[in-house]
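Engineer: Below is a structure I'd like to ask you about.
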Amino acid sequence: MAAGADVRDILELAGGDNDGPISKKDFINSEKKKAKKTTETLTFKRPEGMHREVYALLYSDKNRDAPPLLPSDTTQGYRTVKAKLGCKRVRPWKWMPFTNPARRDGAVFHHWRRMAEEGKDYPFARFNKAVQVPVYSEQEYQMYLHDDGWTKAETDHLFDLCKRFDLRFIVVHDRYDHQQYRKRSTEDLKERYYNICGKLTKVRAATGTEPKMYVFDAGHERRRKEQLERLFNRTPDQVAEEEYLMQELRKMESRKKDREKKAQDLQKLITAADTNTEMRRAERKATKKKLPLKREMEKPTVPETAGIKFPDFKSAGVTLRSQRMKLPSSVGQKKIKAIDQILTEREVDLNPMPTEEIVQMFNELRSDLVLVYELKQAHGNCEYEQQMLRHRYEALLKAGGGGGVPVGPPGGGGLEAPGGPEVPAWPGPDDIKGEAKEQIIDVVGAPLTPNSRKRRESASSSSSIKKVKKP
């Protein structure tokens, strides 16, 4: 008869402390006991090499959850991994001789090398690149390469050195035999060599083909070296003077660009004023010929003005007519204040009733005011620059010893004063002496200081506002 231990083993029941007979409780509570036992025995061993404090952060008795990090190899832990050397056989090395193909003296050297590479060529021999120097015969020299300034022996010596030193012409010039032959410069040696190479390439080329020929400009090379030598031999005073002149040149160029920009802006304003006037006249003629009924049916078109370009509301949807009277963001605050001041002085409503005719005429009025404002400002700038140029010219005449102040425009003849002799004409450039050369840097423009610029802008804005009023 089977004992209790055998029955428990067959039914996979846990054995108790006493191996007595099997009871009913063993069958009913067998799964609970097994689960409790497995949960109690589920523990994690501290990895080898890990400190107790670090392991306590991962796993503790109170928090029996599994730690978020576990080492992949518990046998080594946090120890330094040793190098795993292969079990292959070590390749043997040997102290063996070798020769360098770049050397022609037959020198033998020794170095360590694997035995499997014994007998192979020197690995660095592939870097031995030689320049192909052309070779000519006696007949070719007499027919194509003859030069009165060079002998054949001197040419042969030059090509021998070029082949020996791989066209390093500085070394060639250093090793050139200046005692036996004429003293030559590096440019002379280069010119002779490349002229011969070009002639040989042209002669030996196949018929019907255009070969690539080497061209060396010896004159340009000599001038370049001469300029470099002059640049190197400059004194500190010359360097400072050159920097000063370069700064003045940059100032002159910037002033020239400013003048050209101002002239273009002024021309645009004048052209815009003429175009605006012509468009107004054409519009008035066209409106007189239109019938009253047709005028009511058609919508009045706003002519494109040069002073202010008002936006067109062509999008679908409902819009207010007063939006067409809103000034665009491109108009500056100064212009807006000037327009408001003029309209206030003329007792014109700043926000009139926005009917179609009033909107059109009100926009035209403000556009004309902006155009007049810009023209007045440009005129004031031109007068200011003209006055500055006149003062500078007079100062230059006084510094050069020209005498009195000239009367009349420069470039014109003398002016005949009423009841008196002819007034002397403006002196030309030849009359101004070289004593004031430091001042004759830029006689067509003078730099403006911030204070003078502010005074000029304020004066021009105030004068433009005052001159708009009718007398």
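Engineer: Collect the residues in segment 112-136 that are over 23 Å from D166 (Cβ atoms) and either surrounded by 10 or more Cβ atoms within 10 Å (Cβ to Cβ) or at pLDDT below 90 (or both), keeping them in residue-number order.
Structural biologist: R113, R114, M115, A116, E117, E118, G119, K120, listed by residue number.
Engineer: Filter segment 169-184 for residues that are open to solvent by less than 40 Å² (accessible area, probe 1.4 Å) and touching a residue at least 12 places away in the same chain (Cβ under 8 Å); which is farthest from A130 (Cα to Cα)?
Structural biologist: Selected residue: Y176.
Engineer: What are the pairs with Cβ atoms under 6 angstrom where one residue, in segment 327-355, is more than 15 Å from Y373 (Cα to Cα) and the other, located anywhere, is open to solvent by 90 Å² or more (accessible area, probe 1.4 Å)? Sequence gap at least six, or different chains.
Structural biologist: Short answer, once both residue conditions are applied: P354/R321.
Engineer: Looking at segment 299-349, which of its residues are closer than 15 Å to Q377 by Cβ, in a loop (DSSP other than H, G, I, E, B), touching a helix residue (DSSP H, G or I) at 6+ places or on another chain (Cβ under 8 Å) and at pLDDT 75 or above?
Structural biologist: Once the filter is applied, which keeps residues that are closer than 15 Å to Q377 by Cβ, in a loop (DSSP other than H, G, I, E, B), touching a helix residue (DSSP H, G or I) at 6+ places or on another chain (Cβ under 8 Å) and at pLDDT 75 or above, segment 299-349 yields only V331.
Engineer: Then there's this: Give me the residue from segment 212-224 that is without any contact (Cβ under 8 Å) to a residue 12 or more places away in the chain and either among the small types (G, A, S) or surrounded by 12 or more Cβ atoms within 10 Å (Cβ to Cβ) (or both) and, out of that set, farthest from Q132 (Cα to Cα).
Structural biologist: Within segment 212-224, the match that is farthest from Q132 (Cα to Cα) is R224.
Engineer: Need the failing condition index for M252 against (1) over 30 Å from Y373 (Cβ atoms); (2) free of Cβ contacts under 8 Å to residues at least 24 places away in the same chain; (3) part of a helix (DSSP H, G or I), just the number.
Structural biologist: (2)
Engineer: Which of the following residues is touching a residue at least 24 places away in the same chain (Cβ under 8 Å), farther than 30 Å from P92 by Cβ and not hydroxyl-bearing (S, T, Y): D166, D160?
Structural biologist: D166
Engineer: Just to be sure I understand the filter: pairs with C-beta atoms under 7 Å, separated by 6 or more residues or on different chains, first member in segment 87-102 and more than 30 Å from D166 (Cβ to Cβ), second member outside any loop (DSSP other than H, G, I, E, B) and open to solvent by less than 80 Å² (accessible area, probe 1.4 Å). Which pairs pass?
Structural biologist: R91/R114; W93/R113; W93/R114; K94/R113; M96/R113
Engineer: Here is a further query. Is segment 149-159 home to any residue that is open to solvent by 80 Å² or more (accessible area, probe 1.4 Å) and at pLDDT 90 or above?
Structural biologist: The answer is no, given that none of the residues of segment 149-159 is open to solvent by 80 Å² or more (accessible area, probe 1.4 Å) and at pLDDT 90 or above.
Engineer: Within segment 160-173, can you find the residues that are outside any loop (DSSP other than H, G, I, E, B) and closer than 23 Å to G219 by Cβ?
Structural biologist: Once the filter is applied, which keeps residues that are outside any loop (DSSP other than H, G, I, E, B) and closer than 23 Å to G219 by Cβ, segment 160-173 yields C162, F169, I170, V172, H173.
The values are calculated or read from the model by the stated rules, or taken from the named source; none is laboratory data. A quick note: this is a predicted structure, and the numbers were derived from the prediction, not measured. Every residue, glycine as well, gets a Cβ built from its backbone with ideal geometry; the counts of neighbours run over all protein chains shown. For the accessible areas, the whole protein counts, side chains as well, though only heavy atoms, and no ligand, DNA or RNA atoms are used. Shrake-Rupley method; radii C 1.70, N 1.55, O 1.52, S 1.80 Å.
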